[in-house]
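A quick write-up on the structure given underneath.
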Amino acid sequence: MRKTAPEVLSKYLAGLALVWTLLMLPAAGFGQTRISMPRNKYKVEDDVKLGRDAARQVEQQMPILNDAEATRYVQEVGRRLVNAIPPEFQQTQFQYTFQIVNARDINAFALPGGPMFVNRGMIEAAKNEGEMAGVMAHEISHVALRHATAQATKQSNPLNQIIGIGAVLGGAILGGQTGAVLGQNIYKGLLVNPYSREYETQADVLGAQIMARAGYDPRDLANMFQTIANQGGSRSPEWLSSHPDPGNRFNNINREASLLRVSPEPIKITQAFLSTKRRFQGMPRAQSMEEIARNPQNNRGQTTVNGRYETRVATPASRYRTYSSGSQISVDVPENWRTVSESETSVWFAPEGAYGNDGITHGAMIGVAQTSSANLAQATQEYVEGLLQNNNYLQQQDNYARTTIAGRSGLATVLSGRSPITNRNEVVTVYTTSLRSGYLFYVITVVPQNEAATYNYAFRNLLRTLRLNA
């Protein structure tokens, strides 16, 4: 049957409408660069374990900034980016966490499975939130694409070699001064090899796509490379040394941005970004990674009194002195115990002959720790597992018992083992409670088992006189 003129016009208009609809679809629907997950012979659980173990070491050996407001801001930006990871690259087992390293070097790195560390210097260098988010999106992309274990697959490395020497750590290779810091204790013999050009390109492209999906302009990621290079002077900034240019990086990211649906009003300067920068300006000057590497005992802003270990250590004095830190905490300790180490997050007390570069053999440690859970039992378990990992001669001797710390509900458990310092069996008791900020508060008492009876009163008095306002 022959079509009438109105029917032909109707078909034409319908076809034109379809073409117009396709043209108006976001370019990301069909124009963005396609990324394939690299071949990987390892399980997702391997990424999670590798990153979790490495993160504990980083937290022990690098100066994590103890500023709840700044950390909360970075976490909010991080969550926005993580939520924008394309579904095909989402891993339900990954737990993305975000902390700030109080170092002025321009650097950031992410570990397999999700833990990310952003240097204060990186945030200070960024001209807007988009530039900071660009670096974070790049790091998240390395994690989401599982580049650490994918590179191990490509190089035919056994996973235990990676876990043992930390050859590749998620979104960054810890070379330069960062590697020097961690090389002090955890990654001795570290072999530092940057990611391949292919993986760096993938992280740039996926990072741009994540930014666009999260409401940022991917061009800020490209601009951040210039910001970093300009602030590096004659010395290549650490982030660029661990993330070398795969070739035409600036142009490639801008080209990818042209293929994406970018918000007409992308997130740029925000009040939270400006507020965080102002907070940093009011803080003491951050150390460089080189300075931190030269002073490994000060990696958490710690001021430590030099000491040595002796066979005979004085018993606790019968007279006490009160230690206080502003209005936040006060506690009575034996008069002959020195404040041998003090930082934003912890303070250590020990008598002469009981402290040195490897810690204390008699005395107490008091501090706060950030964990992934606000639940006291879960947070305590996480913290104790970290202690056992970093002091592998210790073993947990009993389950957690309920107790009271500074009038608050708490938990306690006993660890013990033969001390590599004294070569005697050591008893370590860990007490924990929760702070209003969500941080875990802990008290750790340490004493050789054969001297425990002479220290019991001092330890009980310390707990009895402890006052908290946090």
Mind counting the residues in segment 270-289 that are modelled with pLDDT of 95 or more and not in a helix (DSSP H, G or I)? 1
Which condition breaks for Ala317 when tested against (1) assigned to a loop (DSSP other than H, G, I, E, B); (2) open to solvent by 40 Å² or more (accessible area, probe 1.4 Å)? (2)
Only residues in segment 394-407 that are without any contact (Cβ under 8 Å) to a residue 12 or more places away in the chain count as the first member; pair them with residues that are aliphatic (A, V, I, L, M), Cβ under 7 angstrom, at least 6 apart or cross-chain, and list the lot. Arg402/Leu411
Can you tell me which condition Ile64 does not meet? The list is (1) open to solvent by less than 10 Å² (accessible area, probe 1.4 Å); (2) at pLDDT below 90, and all the others hold. (1)
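Would a scan of segment 123-133 turn up a residue that is within 26 Å of Gln389 (Cβ to Cβ) and either open to solvent by 10 Å² or more (accessible area, probe 1.4 Å) or aliphatic (A, V, I, L, M) (or both)? Break it down into steps so the answer makes sense when it comes.
Filtering segment 123-133 down to residues within 26 Å of Gln389 (Cβ to Cβ) leaves none.
No, segment 123-133 has no match at all.
Which of the residues spanning segment 333-364 are among the hydroxyl-bearing types (Ser, Thr, Tyr) and either part of a loop (DSSP other than H, G, I, E, B) or over 16 Å from Val428 (Cα atoms) (or both)?
Within segment 333-364, the subset among the hydroxyl-bearing types (Ser, Thr, Tyr) is 339, 341, 343, 345-346, 355, 361.
Listed by number, the residues that qualify are Thr339, Ser341, Ser343, Thr345, Ser346, Thr361.
Filter segment 71-108 down to the residues that are in contact with a Ser or Thr (Cβ under 7 Å, 6 or more places away or on another chain) and more than 23 Å from Gly438 (Cα to Cα), then identify the one that is surrounded by the fewest Cβ atoms within 10 Å (Cβ to Cβ). Steps first, please.
Looking only at segment 71-108, we keep the residues that are in contact with a Ser or Thr (Cβ under 7 Å, 6 or more places away or on another chain), and these are 73, 95, 97, 99-100, 103-105, 107.
Subsequent filtering for residues that are more than 23 Å from Gly438 (Cα to Cα) retains 103-105, 107.
On the way: Ala103: 27, Arg104: 19, Asp105: 25, Asn107: 29.
Filtering first and then ranking leaves Arg104.
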Filter segment 430-449 down to the residues that are assigned to a strand (DSSP E or B) and of a type in the set (Ser, Thr, Tyr) and list them by number. Tyr431, Thr432, Thr433, Ser434, Tyr442, Thr445
Looking at segment 340-364, which of its residues are over 20 Å from Ile421 (Cβ atoms) and among the polar types (S, T, N, Q)? Ser343, Thr345
Quick one: which of Glu124, Glu131 is of a type in the set (Asp, Glu), over 16 Å from Pro63 (Cα atoms) and either at pLDDT below 90 or under 19 Å from the mean Cα position of the chain (by Cα) (or both)? Glu124
Checking Arg39 against (1) modelled with pLDDT under 90; (2) open to solvent by 40 Å² or more (accessible area, probe 1.4 Å); (3) in contact with a Lys or Arg (Cβ under 9 Å, 6 or more places away or on another chain), which test does it fail? (1)
Of Ser236, Ser241, the only residue that is at pLDDT below 70, open to solvent by 20 Å² or more (accessible area, probe 1.4 Å), not in a helix (DSSP H, G or I) and not aliphatic (A, V, I, L, M) is Ser236
Can we say Thr303 is at pLDDT 95 or above, on the phi < 0 side of the Ramachandran plot and open to solvent by 60 Å² or more (accessible area, probe 1.4 Å)? no
For Gly114, the lone unmet condition from (1) farther than 18 Å from Asp220 by Cα; (2) surrounded by fewer than 24 Cβ atoms within 10 Å (Cβ to Cβ); (3) at pLDDT 80 or above is (2)
Any residue at all in segment 415-429 that's part of a strand (DSSP E or B), among the charged types (D, E, K, R), over 18 Å from Tyr455 (Cβ atoms) and open to solvent by less than 70 Å² (accessible area, probe 1.4 Å)? no
Qualifying residues in segment 436-470 (those that are closer than 19 Å to Gly386 by Cβ and of a type in the set (Val, Ile, Thr)) - the one surrounded by the fewest Cβ atoms within 10 Å (Cβ to Cβ): Ile444
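The values are calculated or read from the model by the stated rules, or taken from the named source; none is laboratory data. Small disclaimer: the values here were computed from a predicted structure and weren't measured. Glycine also receives a Cβ, built like all others from the backbone with ideal geometry; neighbour counts cover every protein chain displayed. Accessible surface areas use protein heavy atoms only, side chains included; no ligands, DNA or RNA. Shrake-Rupley method; radii C 1.70, N 1.55, O 1.52, S 1.80 Å.
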